[in-house]
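Taking it in order: structure first as structure tokens, then the write-up.
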Amino acid sequence: MAERFTVTTPIYYPNDRLHIGHAYTTVAADALARYHRLREEEVFFVTGTDEHGQKIEERAQKAGTTPIAYVDEIVSDIRDLWQLLQISYDDFIRTTEPRHERVVQEIFRKLEASGDIYLSQYEGWYCTPCESFWVEGKLVDGNCPSCGGPVARLNEESYFFRLSRYAEPLLQHIDSHPDFIQPTSRRNEMISFIRQGLEDISVSRTSFRWGIPLPQDPRHIAYVWIDALTNYITACGYLQDEQRFARFWPADVHLVGKEIVRFHAIIWPAILLALGLPLPRVVYGHGWLLLGEQKMSKSRGNVIDPRQLVQRYGRDAVRYYLLREVPFGADGNYTEEALILRTNVDLANDLGNLLSRTTAMIERFTGGIVPKPSGDSVLRPVAVEAVRKATQSLDRLQVSDAVVAVFELVRRANKYIEEAAPWQLNRSGDARLNDVLYDLAESLRITAVVLKPFLVDAPHAIYRQLGLDSADAARLRDTAWGGLPPGTRVQRGEPIFPRIDAESIVASSAPADAAPETPQISIDDFSRLDLRVGTILSASKVKGADRLLELTVDLGEGEPRTVVSGIAEHYQPQALLGSQVVIVANLQPAKIRGIVSHGMILAGKTESGLQIVSPREALPPGTKIK
Ligand code: MSP
């Protein structure tokens, strides 16, 4: 067993707020880091930000501020996002930090000394949004081949890195290290790319100032890729702390999106070869999250904000969806419906119910005490196999497969409840009851441990409800069967994943007979509701949703509010115009079928129909209901 593990994410451009595509890579890297910690290895997990370049210089200028002030703000927002998602990075590197500037300058000195860089003329076309240079022949209809946008002619003096020198050594390395570039499809792409021959690449610029000046020629700024890629060795201690560097470099996995595999699998290893440093063990290029058919990206503006999703569904639901939904390596479509479905089916139904049923039965049948088993265990081999498959998948970087493997145990345990029917064993006083209950509780405990790489709250909640201390200290070795001491008193609690009602914003979706179970609330609880009278100004059907109407409602606020309501089966849109309604005005906004709804309309539902609640006499819009 390796005793240390280094994993990296790309360093992100702080030119805009990050979206769920960035969260995707980062959560996957976090899962790997947490997994290796679970294996009791010493882990170094690094992420960070790629802060130099013309684009940021321009953005800052437009915003009327300095580049550093501009990126500072976004970087702090990025850190908040990682905090929200509980990303357990060990280092956050910013390319503007002095430790990195020193390393980049020293690298340029070394590359010059070894004859790996030389001064020449750069001629080509530059695409600012992509920060990419293109030779004439690569343009598509005179535009950038990557984003299709306009490009500008450039002719400037530049330092070049002798990439051409390294085509052969790279091919040899790839050949003798079959795991170096993954998945195999990307490996094949890279091999054929290198076989076409590698040209030297431009590594400095004189056309902008926001970057690291070359020590030998400060008119030149280090061009983005050398500046960016070298972050990995700076973070590991290169030229700062030899011992640490020897310990954490080479990285075990550079996790990147597929569009930057070329930089990581060709340019970066060539730089490392030139510096005489070992190459990373694996460059893994995962697929893209798509929205519709398109890559989600800031420049296209079709992005989903992970913060909103976390707020709405919780961080474990978002982490789970990202790790589970798309086979790791492939592209996959993002939809909120799929996120809700995953949460409801896997987390609420399968996992959540297993826990609540198990703890409820232990309470009812054995006085809340985990019983001592006496016979054979049915679930033990299932648990052993789930752990084996999950760890094997994670060792092969097949993250989604690992999650699937864990849930095989969860599903089997649920099925076992039906098969073994503990309530019958209890009725007939059958001693096998103890075996069944122990099996279920112990399977849950093991599930909690193997879920630790993926979920950050649920494992602890499961441990707590089983009556154990926090799952913090649990390690992979604790997945050995029998770790749950008989005699433990379970602590039944709230459902760990409440079911999401996809149209929870719609009052009428509450079942009519919910009233008897509703707990009493205090007047303070009631006063937290902001109920107001509103007048409906417009109403129209929501495309593709039979039950939904989109309403605009005057609440006396000036700007009318948009509210999506599940009343379409009961009211014609035009019949509602001018009607008064009562609105929960301080409900968190929620996106329903792509429309953001800012409130909820009150209605009563019976078997014979639905009635919206209206004041008996008209009241001024905005009147508070108390
Ligand atoms: N700064 C460079 C990387 C330098 S690494 C030495 C960069 N930054 S970026 O902000 O554009 O982030 C790109 C990375 O974000 C992708 O490689 C991928 O990891 C992630 N993703 C961005 N959009 C994505 C999707 N739509 N889907 C999946 N991952 C995506 O490139």
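Centroid-to-centroid, using Cα positions, region 77-154 and region 522-548 are 49 Å apart.
Full extension of the chain between Thr65 and Asp472 gives 142.2 nm of extra length, using 0.36 nm per residue less the Cα-Cα distance.
For Gln424 and Ala480, a Förster radius of 30 Å and the Cβ-Cβ distance give a FRET efficiency of 0.45, rounded to the nearest 0.05.
Shown in residue order for region 414-429 are the 3J(HN,Hα) couplings computed by the Karplus curve 6.51 cos²θ - 1.76 cosθ + 1.60 at θ = phi - 60°: 4, 5, 4, 4, 5, 5, 7, 6, x, 4, 6, 4, 5, 4, 8, x Hz (x for Gly and Pro). Placing pseudo-labels 7 Å out from each Cα toward the beta carbon at Ser540 and Gln83 gives an inter-label distance of 4.2 nm. Dividing the helix sum by the residues of the chain, where each DSSP H run of 4 or more adds -39500 (n - 2.57), gives a mean residue ellipticity at 222 nm of -11000 deg cm²/dmol.
Annotation: amide H of Phe45 within the under-5 Å range of Val7, Asp90, Asp91, sequence separation 5 or more or interchain, hydrogens built in the peptide plane.
With neighbour counts taken as other beta-carbon atoms within 10 Å, the residues Cys130, Cys144, Cys236 rank, fewest first, as Cys130, Cys144, Cys236. Near Tyr13, the amide H atoms lying under 5 Å from its own belong to Asp50; only residues 5 or more places off or on other chains count, and H is placed 1.01 Å from N.
Relative to the longest principal axis of the Cα atoms of the chain, helix 98-113 runs at roughly 30 degrees. Cross-link partners of Lys605 among lysines, defined as those whose alpha carbon lies under 27 angstrom from its own and excluding same-chain residues fewer than eight positions apart: Lys541, Lys543, Lys591, Lys624, Lys626. By how many degrees, between 0 and 90 and to the nearest 10, does the Cα long axis of helix 353-366 differ from the longest principal axis of the chain? Helix 353-366 sits roughly 50 degrees off the main axis of the chain.
Of all aspartates and glutamates in the structure, the ones whose alpha carbon falls short of 20 Å from that of Lys110, not counting any fewer than 8 places away in one chain, are Glu101, Asp200, Asp217, Asp227, Asp241, Glu242. Taking every DSSP beta bridge that has both residues in region 97-170, what percent is antiparallel when rounded to the nearest 5? Antiparallel bridges make up about 100 percent of those DSSP assigns within region 97-170. Summary of the geometry: region 276-328 and region 158-218, compared by the centres of their Cα atoms, lie 26 Å apart. Each part gets one Cα centre, and for region 433-467 versus region 1-25 those centres are 29 Å apart. Cysteine residues of the chain whose C-beta has no other cysteine C-beta under 4.7 angstrom: Cys147, Cys236.
Only the coordinates and a few stated rules stand behind these numbers; no lab work does. In this text the structure is predicted, and so the values were computed from the model without any measurement. Neighbour counts are summed over all protein chains in view; Cβ atoms, including those assigned to glycine, are modelled from backbone coordinates with ideal geometry.
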